[in-house]
Amino acid sequence: MPVEISSRPWARQRSITFLAAALFPRSTPISRPKPRSSLTNGKEAFSLESSFIKYRPSLAVLASSFSFLIVSIVAIATIETIKKEKLLANTAKLGRYLMNELSKLKASFPLVKELRGLGLLIGVDLGNSAAARKVIDLCLAHGLLLISTGKDGSVVRFIPPLNVSKKEIDLALKIFGAALRDV
């Protein structure tokens, strides 16, 4: 017998709650209903015996309906990776390094008007959008992807991944410096 979902909001919520309870029988939400026999076929309710199992206790809290289950699991895994690989410390350390090296470029090139940012999210204000566009195009031709931002598009934005290495930052700085020289 298939589960029907009514057009009434409270009935939809009840069906979703039954589905969640059937899929995750060991989780205990505050108002957990007993799964209907049509969902369990009179046997133990279906459960996901996979890599999701370690997240089971928090699923009732993170997912108000089954549609957010995968998003919640991905979010938890992302946070665990950030903690395990110490990516925040890497961001702070390499962000300071990138800002210091860009400051040296600013001293060498009058085209660079201002540097601003925090961590690895750094903006280099070039003063006009035409120069920023040229620099971005030259960098892209050499394998460095940058984007422009700001009201007039005059700010070149660096947004490297959190797990970027010092070697990769040095390569990006080399390409960016060459593009500044060519503009």
* To do: Report, ordered by the first and then the second residue, all pairs with beta carbons closer than 9 Å, sequence separation of six or more or different chains, a first member in the stretch 80-107 that is on the phi < 0 side of the Ramachandran plot, and a second member that is assigned to a helix (DSSP H, G or I) and loosely packed, with under 14 Cβ neighbours inside 10 Å.
  => ILE82/LEU88; LEU87/THR81; LYS93/LYS166; LEU94/LYS166; TYR97/LYS166; GLU101/ASP170
* Asked: Got at least one residue in the stretch 108-123 being basic (Lys, Arg), at pLDDT 95 or above and closer than 30 Å to SER165 by Cβ?
  -> yes
* Structure fact -> Among strands (runs of 3 or more DSSP E) completely within the stretch 108-154, the ones holding 1 or more residues that are β-branched (Val, Ile, Thr), surrounded by fewer than 19 Cβ atoms within 10 Å (Cβ to Cβ) and within 25 Å of the chain's Cα centre (by Cα) are 147-149
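The values are calculated or read from the model by the stated rules, or taken from the named source; none is laboratory data. Everything numeric in this text was worked out from a predicted model, so none of it was measured. Quick reminder, even Gly has a Cβ in these numbers, built from the backbone with ideal geometry, and neighbours come from all protein chains shown.
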